[in-house]
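Engineer: Starting off with a structure, shown below.
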Amino acid sequence: MANLQLAVKSEYFDAMIRGEKTEEYRLVNDYWKKRLVNREYGSLIITKGYPKRDDSSRRIDVPYDGYEIKTITHPHFGDKPVKVFAIKVNIGNE
């Protein structure tokens, strides 16, 4: 089964490692609809930027747990509310 791989900024990657960020947002548009809607993935791979293949310190590999569609306001998307795919990031740091 295929993997969903997402590159994120350092601040978001580190927040996921600490367990503070449990969702990764991608704008609802044709690009992400094609990659997420009616698709199944075995794993979710989050990378800190674009690391070398063997750099495991900059890679999180967890089972893919789906997404929800939410409306959020976030500086990355501007000052107006937007619909996003909230991809679940369940690292299990408890």
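Engineer: Which of the residues belonging to the range 1-23 are surrounded by 15 or more Cβ atoms within 10 Å (Cβ to Cβ) and touching a Phe, Trp or Tyr at 6+ places or on another chain (Cβ under 7 Å)?
Structural biologist: Listed by number, the residues that qualify are 4, 21.
Engineer: Okay, next question. For residues that are in contact with a Phe, Trp or Tyr (Cβ under 7 Å, 6 or more places away or on another chain), modelled with pLDDT under 95 and closer than 15 Å to residue 44 by Cα, tally how many sit in the range 65-94. So that I can check it myself, show each step before the final result.
Structural biologist: Initial filter on the range 65-94 (in contact with a Phe, Trp or Tyr (Cβ under 7 Å, 6 or more places away or on another chain)): 67, 69, 72, 74, 84-88.
Of the ones still in play, those that are also modelled with pLDDT under 95 are 74.
Okay, now just the ones that are also closer than 15 Å to residue 44 by Cα, so none.
Going through the range 65-94 one residue at a time, the tally reaches 0.
Engineer: For residue 90, which of the numbered conditions (1) within 21 Å of residue 14 (Cβ to Cβ); (2) free of Cβ contacts under 8 Å to residues at least 60 places away in the same chain; (3) out of contact with any helix residue (DSSP H, G or I) (no Cβ under 8 Å at 6 or more places or on another chain) fails to hold?
Structural biologist: (2)
Engineer: Return only the number of the condition from (1) in contact with a Pro (Cβ under 6 Å, 6 or more places away or on another chain); (2) without any contact (Cβ under 8 Å) to a residue 24 or more places away in the chain that residue 58 does not satisfy.
Structural biologist: (2)
Engineer: Given the residues 73, 47, which is the only one that is in contact with a Pro (Cβ under 7 Å, 6 or more places away or on another chain), on the phi < 0 side of the Ramachandran plot and of a type outside the set (A, V, I, L, M)?
Structural biologist: Criteria check complete, one pass: 73.
Engineer: Then there's this: Got at least one residue in the range 51-59 being within 11 Å of the chain's Cα centre (by Cα) and surrounded by 14 or more Cβ atoms within 10 Å (Cβ to Cβ)?
Structural biologist: Scanning the range 51-59, I find no residue that is within 11 Å of the chain's Cα centre (by Cα) and surrounded by 14 or more Cβ atoms within 10 Å (Cβ to Cβ), so the answer is no.
The values are calculated or read from the model by the stated rules, or taken from the named source; none is laboratory data. What you see is a predicted model; the values in this text were computed from it and never measured. Every residue, glycine among them, receives a Cβ derived from its backbone with ideal geometry; neighbour counts consider all protein chains shown.
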